Every structure is written in structure tokens, then in C-alpha cells.
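The values are calculated or read from the model by the stated rules, or taken from the named source; none is laboratory data. Source: prediction; values computed, not measured. All Cβ positions, even for glycine, are placed from backbone atoms using ideal geometry, and neighbour counts span all protein chains on display. With ligands, DNA and RNA removed, areas are computed over all heavy atoms of the protein, side chains included. Shrake-Rupley method; radii C 1.70, N 1.55, O 1.52, S 1.80 Å.
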Protein chains: 2
Amino acid sequence: MIIDIHGHYTTAPKALETWRKRQIAGITNPAEMPRVSELHISDDELRESIEGNQLRLMRERGLDLTIFSPRASFMAHHIGDLHVSSAWAAICNELCYRVSELFPDHFIPAAMLPQSPGVDPATCIPELVKCVEEFGNVAINLNPDPSGGHWNSPPLSDRHWYPIYEKMVEYDIPAMIHVSTSCNPCFHTTGAHYLNADTTAFMQCLTSDLFNDFPTLRFIIPHGGGAVPYHWGRFRGLAQELKKPLLKDHLLHNIFFDTCVYHQPGIDLLTRVIPLDNILFASEMIGAVRGIDPETGHYFDDTRRYIEAAHIGPQERHKIYEANARRLYPRLDAALKAKGH
Amino acid sequence: MIIDIHGHYTTAPKALETWRKRQIAGITNPAEMPRVSELHISDDELRESIEGNQLRLMRERGLDLTIFSPRASFMAHHIGDLHVSSAWAAICNELCYRVSELFPDHFIPAAMLPQSPGVDPATCIPELVKCVEEFGNVAINLNPDPSGGHWNSPPLSDRHWYPIYEKMVEYDIPAMIHVSTSCNPCFHTTGAHYLNADTTAFMQCLTSDLFNDFPTLRFIIPHGGGAVPYHWGRFRGLAQELKKPLLKDHLLHNIFFDTCVYHQPGIDLLTRVIPLDNILFASEMIGAVRGIDPETGHYFDDTRRYIEAAHIGPQERHKIYEANARRLYPRLDAALKAKGH
């Protein structure tokens with residue numbers, strides 16, 4: 001079985017974006033604020049948006065199951081306040097849940113949180129609880145910078161975030177550390193802000209002793225870990241300067257990387273440098289890079305091709321494709337076992 | 001000849017730091033503001049600070065010449081105003097110039113600029129002119145984020161920066177794009193802010209047509225280009241989405257990467273992915289990562305070992321060690337030729 005742990009609902013019906021635009025207009029003009037009940041998306045519309053897109057490509061590429069969360073760039077936690085984020089997160093999470101109900105063999109949901117800049121993350125707990133207990137979510141996406149590129153929240157090692165971590169530990173669910181759209185003109189969203197956030201989050205963990213407080217807490221750093229594997233020597237050296245344990249002991253029981261790296265040399269470096277127990281298959285398809293690579297004739301984000309061509313054995317490939325995901329997402333594993341997988 | 005294009009004066013005599021602390025105290029208490037003439041560092045002190053440190057390691061590692069600039073993390077452009085930055089830059093640049101006069105065969109200077117948040121970069125021109133015309137500087141370091149991690153300057157493609165570029169083109173000198181200390185608690189300086197800035201700067205160039213306006217402008221992106229080579233497929237794909245030319249045509253006449261990547265797999269990826277005309281030898285020694293790698297028994301920042309072990313031929317190695325630097329830093333080439341090299 002091949003599990004893609006990083007898929008977003010980037011192809012949701014247009015009505016979703018229309019509703020969001022009305023909601024944003026309603027922030028300045030409350031008379032225009034739409035009610036949640038005004039959004040109507042039928043099951044047929046959901047089916048159509050998935051079958052011709054993600055599911056078609058999953059079949060073409062031989063992928064079985066995607067951990068499916070709301071579109072990352074649309075989370076836009078910097079827009080409006082907690083009330084705005086809460087309504088928006090509830091809508092987006094419900095859509096991913098409905099997709100998982102329509103295609104139970106191919107999609108299982110992960111939740112976005114109703115984060116808002118300067119607001120206590122504990123306010124996200126009710127949505128998190130609903131998503132896990134009612135919607136069967138197996139993970140969350142946690143945004144380390146709800147400001148969208150101004151980076152004015154405390155680092156992930158700060159007690160500010162502990163209410164989320166406590167709930168994650170209770171439910172035994174991992175978090176993918178994933179920012180959203182950059183509203184800072186210095187940072188291109190998918191070309192700079194995403195990768196910077198990955199590197200930043202890793203370093204926030206490296207300089208802290210967060211995992212002493214939460215030994216079972218698990219973070220997935222997406223996009224192949226940002227700059228981290230490429231600079232693994234630098235990070236090993238910095239840990240040594242800071243008198244931290246070896247990275248494998250200090251961080252690698254708790255931090256994992258996905259394979260959203262869109263060329264063979266990058267995947268070859270990832271699999272050479274990072275222990276194979278810490279790598280999870282992912283494509284983030286259909287996402288930031290949708291084109292065909294003229295150098296290969298294949299989609300940039302068809303990451304299975306790179307894993308197939310990597311110099312690793314079948315057991316290692318099985319870890320990346322399935323075993324690591326089942327180990328790190330116990331609720332995913334339980335759901336699969338309940339279906340006889 | 002082996003030229004290290006990225007060395008900072010990280011080992012300056014203690015008196016420099018003491019003066020800077022007094023200057024910083026003088027920002028809030030003008031009575032304490034020291035005069036420039038109160039800083040006394042003798043030639044013997046300079047010699048001692050270099051001979052036992054950078055020069056010793058250069059000899060051990062077989063490096064001939066270092067392009068030497070003020071300590072990057074101490075630039076701290078976010079501290080004080082233009083007046084404070086101007087005094088500080090002048091002092092630091094003069095020290096690097098004096099080192100180059102004391103060790104003319106081994107050091108040649110590159111200048112920091114007296115940048116200050118929110119101040120027109122044109123104010124940096126007098127210092128730049130002095131450093132090139134009087135001190136023989138062959139390059140500058142340009143900080144794309146003088147705020148120190150708040151990223152509130154316009155992107156490098158903005159006309160805001162054009163006065164600097166016009167002078168660079170006139171003098172035919174390249175700029176290393178290098179931030180300084182992060183005063184944002186989200187970003188560890190050398191583990192996150194430096195690498196993020198490298199990725200950010202590259203993407204600012206990718207999304208723009210800056211090099212149409214300045215076809216001969218040259219940027220060195222340090223630290224192996226941040227996350228860029230590891231995600232080269234992502235960047236090629238994003239350029240395609242944005243209807244830009246192929247990266248080799250769009251950016252690689254103007255953007256170059258150094259080899260400050262502190263392990264073999266990183267250098268192997270860099271030399272596999274990036275054309276060898278675009279890679280310049282560097283170690284950033286003595287810098288962020290000063291320890292010995294327990295996996296190899298050698299210094300993390302002894303990057304020559306990785307270049308020697310890379311699967312490239314002697315002609316390619318010569319490009320990385322010398323030829324690319326002489327091509328991209330014409331004033332360096334002229335200085336070497338004047339000495340018969």
C-alpha cells in the first residue's frame with residue numbers, strides 16, 4: 001500500500017472560494033457576512049472535484065490513500081479574527097471529512113485549526129476535538145506563523161503552544177507543521193515562505209528541549225524538511241555547538257520529513273542523509289508545482305518516480321510508503337486495520 | 001590557487017566588541033557614545049587575531065586567498081540609525097582593509113554597507129565608494145533584511161535597491177546577499193535566518209525581471225544557496241508556472257552559489273544540480289559551525305575536503321576553486337594579475 005501523507009483539497013468547488021470572499025468582505029462590512037448555511041456544495045460536486053483530479057492522478061501513479069487536509073494556502077489565518085477563522089476552519093474541515101466519507105478507501109482527513117494571530121492556541125481545541133472524535137481525523141496541520149509571514153508568534157518550543165500538544169498527546173496524533181499564504185511581500189508563498197517555515201520549525205525544536213516535555217509528540221516537517229537535509233552537517237554541527245545530544249537522539253524520535261521534493265537529486269539526498277524511519281511518502285498533489293518537468297517528461301510532483309529510482313531496498317521503500325505512516329499515525333493504522341488492511 | 005570567497009572577520013580583537021557595546025549604550029544615553037578615535041587596535045593585535053586563526057586554518061587546508069568581510073552577525077543593521085550604522089561599518093571595513101594590507105597575499109576585502117531599516121540604500125554609496133576606491137574592496141555584502149528578521153524592506157527586485165545596483169554595475173563588483181543577526185525570536189541566526197534569507201532572495205529574483213534591468217548584476221547566494229539546490233525541481237517548476245524562462249537563462253547568468261554546505265551529501269547535490277560555472281568555493285571559516293564532525297573526524301567547515309571528494313574532474317574543480325571567482329570578481333582578478341598570478 002502507498003500512503004500519501006500530504007494532500008490538500010486544492011480543487012474544492014468554486015462555491016467555497018466565493019463564500020470565503022464574502023466572508024472576507026464581511027470583516028469590514030458586517031452586513032455582507034455570509035452565514036455558514038449559505039454555502040451549498042452537493043456530494044456530486046465533491047465527487048466531481050476529486051475524481052477528475054486527485055483520484056485520477058492517484059490511480060495513474062499507483063497511490064492508494066491520501067491523508068487529506070484543507071488547502072494550506074487558503075487557511076490564511078492572518079485574515080480576520082478567531083471568529084472568522086473558526087467558521088472557515090469548520091467549513092473546510094467538514095468538506096475534507098465529506099470527501100473521506102465519499103471515498104473512504106482513498107482519503108482520510110487531517111484537520112486545519114482555527115488559529116488567529118495573537119490568540120491563545122487553546123481556542124483551537126474544540127475544533128480539534130470535533131475533527132478527531134466526530135470526523136475521524138488522524139492528524140492536524142499546525143501553522144507556526146498565523147500572521148502569514150510576519151513571524152510574531154512565539155517559537156514552537158514556547159508554552160504558548162502546549163495546549164495543542166497536550167491534546168495531540170492525548171489523542172496520539174501527529175501534526176504537520178505547515179504555514180499558509182504569505183502576506184509579506186518579501187516571501188513568495190510556495191517558493192520561500194513554506195520552505196523557510198520548515199527550516200525555522202526544525203531549528204526552533206533543535207535549540208529547545210521541547211521533546212523532553214512531550215516525549216511522544218510527533219511533528220512532520222513537510223517539503224522534504226525545507227533546507228534541513230541539504231544542510232544536515234550544519235545542523236549536526238550547530239547541535240554540537242549548543243551542547244545538545246546528537247540529532248538522532250535529540251530530535252529524530254519526534255521529527256519526520258515528507259518526500260515533497262520535486263527532483264531526483266533532492267530525493268537521493270534525503271534518503272542518503274535522513275534515517276529511513278523518518279521519511280514519509282508524500283506528493284502534495286495537486287499543489288504548488290503542477291507542471292511537467294521538461295527534463296523528465298513527467299510531473300514534477302510525481303514523487304513516487306523518485307522514490308522508485310532511489311538507491312534503497314524494498315524494505316526501506318515499504319517504510320517510506322506505508323510502515324512509517326502507520327506507526328506515526330496510529331488512528332490511520334486503526335482505520336486501516338478495521339477495514340482488514 | 002584556491003580562493004575562499006566567503007570569510008568574515010569573526011576573530012577581531014576584543015576592543016572592537018567593547019567599542020560596539022559602548023556605541024549601543026550611546027544610542028539611549030548620548031553621553032556614553034564613544035568617538036571613533038577612541039578605538040585603538042594595533043597592527044600586532046590584528047596580526048595575532050589572524051595568524052592563529054583564519055591564516056592557520058587556511059594553511060592547514062591549503063587555501064591561498066580569502067575574500068574577507070566584516071563579521072556578518074555583528075553588522076546588526078537593526079541597531080540604531082543610519083548614523084550608528086555608518087560609524088560601525090566604517091570601523092569594520094577599515095579593519096578588514098588593514099588585515100588585507102598586513103597579509104596582502106592571503107586576504108582581499110569585501111565591504112559591509114551602513115544599511116539601516118527604512119533608510120534609502122543610496123545612503124550607503126559613500127562608504128561603498130570609499131571601500132572600492134581607497135581600500136581596494138572587490139565586492140560588497142548586501143543585507144536584504146536590515147530589520148534583522150522582521151522582513152519589512154521591499155524585495156530585492158524593488159527599485160528601492162537600484163542605487164546600490166547602479167554603483168555595483170559601474171564598479172563591476174558582485175554582492176553577496178547576506179543577512180545579519182536575527183532579533184526575531186522565531187529565527188535562530190545561523191540555523192534559520194541565514195538559510196531562509198538565501199532562499200528568499202533567490203525567489204525574489206525568480207519572480208521578478210530584475211536582471212533585465214541589470215544584465216551584468218551578479219549576486220552570490222551564500223550557504224550553498226539556502227534550500228534552493230535541494231529544491232531545484234520545485235524552483236524549476238515554479239518558474240514554469242510563472243511563465244518565466246528556464247532558470248539557467250532567467251537567473252544563472254546573474255546568480256551564483258557558494259560551497260558553505262557542511263557535509264559531503266550536500267556538496268554532492270550542489271555539484272550535481274547546479275552548473276559548475278555557478279559554484280564558488282567558500283568555507284565561511286571561522287564561523288557558525290566551528291566543531292569537528294564526529295562522523296568524519298574533520299572540521300564541519302573544512303569544505304575543501306568535500307570538493308576534493310566530489311565526483312567532478314580537475315577542470316571543474318579549478319572553476320570552483322579559482323576561475324569562477326576571477327571571472328565574477330574582476331577587481332580580484334586584476335589584483336591577482338598585478339601580482340603576477
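General remarks:
- Note on chain A: antiparallel DSSP beta bridges, both residues inside, total approximately 5 percent of the bridges counted.
- Backbone N under 16 Å from the residue A:162 label point (7 Å along Cα→Cβ), restricted to the range A:197-230: A:208-217
- In Å², nearest 10: area of residue B:33 left accessible to a 1.4 Å probe: 70
- Distance between modelled label sites at residue A:305 and residue B:296, nm, 7 Å Cα→Cβ extension: 3.2
- Across the range B:115-146, the residues whose backbone nitrogen lies under 19 Å from the label position 7 Å along the beta-carbon direction of residue B:334 are B:126-141.
- Between A:142, A:238, A:207, the Cα set farthest toward the positive side of the dipole of chain A (charges on each charged residue's Cβ, about the Cα centre) is that of A:238.
- Among the DSSP helices (H) of chain B, those spanning at least 15 angstrom by Cα along their long axis with an average Kyte-Doolittle hydropathy of 0.0 or more are B:82-102, B:194-206; this is a geometric and hydropathy rule only.
- Taken over the C-alpha atoms, the range A:1-124 has Rg and Dmax values of 15.3, 50 angstrom.
- Taking chain B as a Gaussian network of alpha-carbon nodes connected by springs under 10 Å, the highest mean-square fluctuation of the residues B:238, B:251, B:55 belongs to B:238.
- Label geometry 7 Å along the beta-carbon vector: residue A:154 inter-copy distances in nm: 3.8
- Choice from B:228, B:99, B:289 with maximal GNM fluctuation in chain B (Cα, 10 Å cutoff): B:289
- Anchor residue B:130: aspartates and glutamates whose Cα lies under 17 Å away (excluding residues fewer than 8 positions away in-chain): B:94, B:101, B:166, B:170, B:172
- Set of the range A:312-338 residues, backbone N closer than 16 Å to the point 7 Å along the Cα-Cβ line of residue A:172: A:324-338
- The charge dipole of the protein assembly as shown, taken about its Cα centre with unit charges on the Cβ atoms of Lys, Arg (+1), Asp and Glu (-1) only, comes to about 500 debye.
- Copy-to-copy label separations for residue B:35, where each label sits 7 Å from Cα toward Cβ, in nm and ascending: 7.7
- Top of A:298, A:318, A:178 by mean-square fluctuation, Gaussian network on chain A, Cα under 10 Å: A:298
- C-alpha center-to-center spacing [the range A:42-63, the range B:206-225] in angstrom: 40
- The range A:13-82, dipole about Cα centre (Lys/Arg Cβ +1, Asp/Glu Cβ -1), debye to the nearest 20: 200
- Calculated [θ] (222 nm, deg cm²/dmol) that DSSP helices of n ≥ 4 give over chain A, each run adding -39,500 (n - 2.57): -12000 deg cm²/dmol
- Residue A:36 versus residue A:209: modelled label distance in nm, points set 7 Å from Cα along the beta carbon direction: 4.2
- Cα-based reach from residue B:319 at 25 Å (exclusive), listing lysines while leaving out same-chain residues under 8 positions away: B:248, B:337, B:339
- Between copies, residue B:242 shows label-point distances of 3.0 nm, shortest first, with the point placed 7 angstrom from Cα along Cα to C-beta.
- Percent of beta bridges antiparallel (DSSP, the protein assembly as shown, rounded to nearest 5): 5
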